[in-house]
Amino acid sequence: MGGTGQEEDEMADQELIDITEDTTPALDDALYGVDSAGTVDKRLSVQNVLSLISVVDDTTPQLGGDLEYNNKNQVFNTTLTSDETASGDIITVTFGESVAFGKLCYPDPTANEWMLALGTNAAVKHPALGVALESKANGETGKLLLRGLIRSSTYFSAFGLGDLLWLSDGTAGLWVNAAPSDSGDIVQHVGWVLAANYGYFNPDYTYIEVA
């Protein structure tokens, strides 16, 4: 692009004035960035601006490259709007049996599917490495939480703030707030209680068997 620095400044100013005063700017209108030397080094179309504004409404946004935090933080929701919801690291998997929201699951290497976890050595159904986020039947795919916050009055209403949570040795997929202690039980810490009806799933990848 030719022209003097003054001409480019005037052009950039005009573009900004035009888009400010124009209540219906065309998508190919442009915003220009000018550096200290008066050189136009950035160009952003109205369409790009609208895309940035509407990213909040995009339910499936995608990055075009690596996301740099720039010395900032990633802030997670600590309150969820409704019961039986979750926020965190979520993937889609295939379940090998019927599951319901909030059930602790383990990956079965033979079936290559996720099933309900159980803290006993009578059957190898541990360690719990995920939480089912949907009710699904055997062979169906659904969402699985790998780490994050869960709101559920079904599982956490009887627990207190700060309670440590463990994989149950008696009921498959269940959370308990007392570590299993009978001979042959599997003791795996899977999370803790963040608030009333809120659990934070952050499973320990190691576990012990009670002698």
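The values are calculated or read from the model by the stated rules, or taken from the named source; none is laboratory data. Note that this is a predicted model, so its numbers are computed, not measured. Positions of Cβ are generated from backbone atoms using ideal geometry, with glycine treated the same way; all protein chains shown enter the neighbour counts.
Residues in the stretch 117-145 that are touching a Phe, Trp or Tyr at 6+ places or on another chain (Cβ under 8 Å) and not in a loop (DSSP other than H, G, I, E, B): GLY130, VAL131, ALA132, LYS136, THR141, GLY142, LEU144, LEU145.
Results for (1) without any contact (Cβ under 8 Å) to a residue 12 or more places away in the chain; (2) assigned by TED's automatic domain parsing to the domain that holds PRO107; (3) within 24 Å of GLU113 (Cβ to Cβ); (4) not hydroxyl-bearing (Ser, Thr, Tyr), shown as yes or no for each residue.
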site	(1), (2), (3), (4)
SER157	no, yes, no, no
ASP182	no, yes, no, yes
ILE186	no, yes, yes, yes
TRP192	no, yes, no, yes
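Residues in the stretch 173-195 that are within 18 Å of PHE159 (Cα to Cα) and either surrounded by 14 or more Cβ atoms within 10 Å (Cβ to Cβ) or under 21 Å from the mean Cα position of the chain (by Cα) (or both): how many? Matching residues across the stretch 173-195 total 15.
Among the criteria (1) touching a residue at least 24 places away in the same chain (Cβ under 8 Å); (2) closer than 18 Å to ARG147 by Cα; (3) among the β-branched types (Val, Ile, Thr), the one THR120 does not fulfil is (2). Is there a residue in the stretch 157-178 that is of a type in the set (Phe, Trp, Tyr), part of a loop (DSSP other than H, G, I, E, B) and on the phi < 0 side of the Ramachandran plot? Yes; the residues of the stretch 157-178 include at least one that is of a type in the set (Phe, Trp, Tyr), part of a loop (DSSP other than H, G, I, E, B) and on the phi < 0 side of the Ramachandran plot. Scanning the stretch 84-125 for residues that are surrounded by fewer than 13 Cβ atoms within 10 Å (Cβ to Cβ) and closer than 20 Å to PHE156 by Cβ returns a single hit, ASP89.
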